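Encoded as structure tokens, the structure appears first; notes follow it.
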């Protein structure tokens, strides 16, 4: 004798319609300030996920924040809950620790909590309407974990100005993209005030050129 197993079949048409609505929304609602393109793919930044939540009438809340100190590193874990009008819920956790901060951004409790909460909120919204799409901030953080940023920066062909600062083209002469430059542009795009700090230097861009100088 075998037990009958009840299988709940998905509403395929509804699922397809929801994903199509999400893709159309990204195109029509989000502007260049809400996304960053890396290796030809468009990633949504924090501001973009907030717009998407508003458009889908999704409510988001931080349900808990946990603090821990381990080996001298301060760690924060935030749990976020996103709720759709239908009652569907997505809960996700975002973590951040004090070792992630350097340069102009201090590892204050507020900054660590904010970053952990942002990650949790982005993930919760994405899982609810975007099929778990990775946010721009999270993708860039993954790249930073696997790439040696200092070596990557040094592979870029820099030119020297009279004042000692450096500059580089953002594209090759034939208009093709430069992988190292593309990653650095993404880091600049998501940095506070669009100024990326690394190794005591400040990196900015006007889209045509990269600028590199000692941090003021």
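The values are calculated or read from the model by the stated rules, or taken from the named source; none is laboratory data. Since this is a predicted model, take the numbers as computed values, not measurements. Glycine also receives a Cβ, built like all others from the backbone with ideal geometry; neighbour counts cover every protein chain displayed.
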Number of positions in segment 143-169 that are modelled with pLDDT of 80 or more and either within 19 Å of residue 197 (Cβ to Cβ) or out of contact with any strand residue (DSSP E or B) (no Cβ under 7 Å at 6 or more places or on another chain) (or both): 15
Condition check for residue 76: farther than 19 Å from residue 118 by Cβ, assigned by TED's automatic domain parsing to the domain that holds residue 120 and touching a strand residue (DSSP E or B) at 6+ places or on another chain (Cβ under 7 Å): no
Subset tally (residues that are surrounded by 13 or more Cβ atoms within 10 Å (Cβ to Cβ), free of Cβ contacts under 8 Å to residues at least 60 places away in the same chain and within 17 Å of residue 150 (Cα to Cα)) for segment 200-216: 8
Subset of segment 166-176 [in contact (Cβ under 8 Å) with a residue 12 or more places away in the chain and closer than 15 Å to residue 155 by Cβ]: 166, 168, 169, 170
Segment 180-199, residues that are surrounded by fewer than 12 Cβ atoms within 10 Å (Cβ to Cβ) and either in contact (Cβ under 8 Å) with a residue 60 or more places away in the chain or not assigned by TED's automatic domain parsing to the domain that holds residue 157 (or both): 192
